[in-house]
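Peer 1: The structure's right below; bear with me while I get my questions together.
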Amino acid sequence: MPTPATTRIYNFSAGPAVLPLPVLEEAQRDLVSLPGVGMSVMEISHRSKTFEDLLNGAIEDIRALAGIPATYRILMLQGGATLQFSMVPMNLLGAGATADYIDTGSWADKAIKEAKKVGTVNIAATTKADKYTRIPAPGECTLTPGAAYVHITTNNTIEGTEWHTIPDTGDAPLVADASSDMFHGPMDVARFGLIYAGAQKNLGPSGVTLVIVREDLLARSTEALPIMLNYKVHAENNSLYNTPNTFGIYILGLTMKWLKAQGGLQAVARANERKAGKLYAEIDRTGFYRGTAQKDSRSVMNVTFRLPSEDLEKQFVKESTAAGLDGLQGHRSVGGMRASIYNAFPEDGVDALVAFMREFERKRG
Ligand SMILES: *Cc1c(COP(=O)(O)O)cnc(C)c1O
């Protein structure tokens with residue numbers, strides 16, 4: 001019988017995305033009965049010591065991986081990053097205050113639309129006129145003095161751009177949607193007021209949203225909020241106010257252990273730089289492929305590129321899929337190709353794509 005490794009194809013999907021094989025294998029092995037428990041993780045009470053240990057273990061590993069200060073709370077919520085588009089302003093944007101948003105892509109734009117339903121929003125900068133092919137320079141951002149917070153999208157999953165320097169927002173807490181580059185490398189959490197990430201790109205399966213929030217900001221969550229949308233309630237209940245996504249948290253926890261076993265975020269960053277470096281080098285090699293993001297804004301997680309014509313792009317998708325390189329079609333809103341190469345994406349898959357690109361160009365270029 002073939003092993004799972006030999007039957008697995010290379011999954012370049014933007015999300016839900018590839019998970020580490022050892023994580024899947026451990027989950028498979030323990031699916032019917034967790035060792036010493038005799039039940040599946042999906043069958044045990046979320047109030048049991050077993051589950052609390054799993055949850056707290058995951059939280060401790062997250063804290064250790066990024067050296068997160070004790071003044072931050074780590075929450076595991078539901079509703080995806082999209083619910084955070086609403087929860088962030090509902091909790092942090094008080095009446096009469098203004099929130100600054102930096103518009104760097106389709107997800108940032110969605111966050112802005114939700115925030116506007118809640119309060120006053122200032123678009124501090126936008127690169128929409130450049131089709132979101134770049135991150136704005138610090139000088140382009142007009143921040144509101146005394147803003148309730150400044151919101152950025154650290155990695156623009158669809159457009160393939162990423163902030164390489166965290167902007168200085170003075171006293172205004174920086175809020176980041178890090179859904180597609182959370183833990184792609186070391187991060188200085190102390191620079192942020194709140195970070196959120198849907199798990200299904202770089203952390204685990206869909207259905208869990210990681211929220212890291214500075215404790216003092218919880219004072220802004222008023223009792224008037226619907227209880228499930230209140231960060232303070234979730235923090236006071238260690239994400240167990242109601243039944244959390246127990247299975248999702250379990251897999252996320254295993255993924256954090258895998259990250260630690262890789263040597264932590266420094267080591268993962270080196271691997272990610274190497275993987276992305278190989279792909280961008282191939283894109284830049286002759287001009288047949290064309291990177292869509294400006295060079296200084298390129299993402300290490302989502303590599304976007306085009307071919308000389310849409311016909312060739314269609315052919316590329318068809319042939320690459322047939323060759324076991326899945327999910328390379330770009331987002332429907334921008335077209336072209338997108339190779340999502342998150343932490344769990346293996347380097348030999350990048351090598352396979354580079355070889356495929358060479359051969360495709362040789363035949364069609
Ligand atoms: C995928 C994604 C989202 C949406 O996440 P959901 O969990 O599906 O709500 C939001 N922001 C970014 C940057 C994303 O990549």
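What follows is calculated from the coordinates using simple rules that are stated; it is not laboratory data. All of these numbers come straight from a predicted model, not from anything done at the bench. Neighbour counts are summed over all protein chains in view; Cβ atoms, including those assigned to glycine, are modelled from backbone coordinates with ideal geometry.
Peer 1: Give me a comma-separated list of calculated 3J(HN,Hα) values for segment 349-365, in order, Karplus coefficients 6.51, -1.76, 1.60 applied at θ = phi - 60°, integers in Hz, x for any Gly or Pro.
Peer 2: Running phi through 6.51 cos²θ - 1.76 cosθ + 1.60 with θ = phi - 60° gives x, 5, 4, 5, 5, 4, 4, 5, 4, 4, 5, 4, 5, 4, 6, 10, x Hz.
Peer 1: Name the most mobile residue of ALA190, ALA293, ALA176, meaning the one with the largest mean-square fluctuation, in a Gaussian network model of the chain with Cα contacts below 10 Å.
Peer 2: ALA190
Peer 1: So what's the gap between the Cα centers of segment 65-112 and segment 255-278, to the nearest angstrom?
Peer 2: If you average the Cα positions of each part, the centres end up 26 Å apart.
Peer 1: Could you list the trypsin sites (Lys or Arg not before Pro) in segment 86-187 that lie in coil according to DSSP, counting only those with at most 12 other Cβ atoms within 10 Å of their Cβ?
Peer 2: Those satisfying the criteria are LYS131.
Peer 1: Using helices alone, I'd like the mean residue ellipticity at 222 nm for the chain: each DSSP H run of four-plus residues gives -39500 (n - 2.57), total over residue count, nearest 500.
Peer 2: Rounded to the nearest 500, the figure is -11500 deg cm²/dmol.
Peer 1: Under 1.5 on a/c is rounded, so check that first for segment 216-365, then, if it is not, pick prolate when a/b is larger than b/c and oblate when it is not; a ≥ b ≥ c are the square roots of the alpha carbon gyration tensor eigenvalues.
Peer 2: Prolate, since a/c reaches 1.5 and a/b exceeds b/c.
Peer 1: Then there is this: Given H placed on each backbone N at 1.01 Å, which residues far from GLN329 in sequence or on other chains put an amide H within less than 5 Å of it?
Peer 2: Result for GLN329 returns ARG338.
Peer 1: Follow-up. Mind listing the phi-derived Karplus ³J(HN,Hα) values for segment 9-22, rounded to whole Hz, using 6.51, -1.76 and 1.60 with θ = phi - 60°, and x for any glycine or proline?
Peer 2: Ordered by residue, 3J(HN,Hα) equals 8, 7, 9, 8, 4, 6, x, x, 10, 4, 10, x, 4, x Hz.
Peer 1: Among bridges DSSP assigns within segment 26-261, what percent are antiparallel (round to 5)?
Peer 2: 45 percent
Peer 1: Can you put SER179, SER106 in order, fewest other beta carbons within 10 Å first?
Peer 2: So the ranking, lowest neighbour count to highest, is SER106, SER179.
Peer 1: Residue-wise, which Karplus ³J(HN,Hα) couplings in Hz belong to segment 101-112, taking 6.51 cos²θ - 1.76 cosθ + 1.60, θ = phi - 60°, and x for glycine or proline?
Peer 2: The phi angles translate into 10, 9, 9, 10, x, 4, 6, 4, 4, 5, 4, 5 Hz.
Peer 1: Using only Cα atoms, locate the centre of segment 144-189 and the centre of segment 320-365, then give the distance between them in Å, rounded to an integer.
Peer 2: Here the answer is 28 Å between Cα centres.
Peer 1: Compute the Cα gyration tensor for the chain, then decide on rounded, prolate or oblate, letting a ≥ b ≥ c be the square roots of its eigenvalues: rounded whenever a/c is under 1.5, prolate when a/b is larger than b/c in the other cases, and oblate in all that remain.
Peer 2: oblate
Peer 1: How high is the relative contact order of the chain, given as a whole-number percent (alpha carbon pairs under 8 Å, six or more residues apart)?
Peer 2: 23 percent
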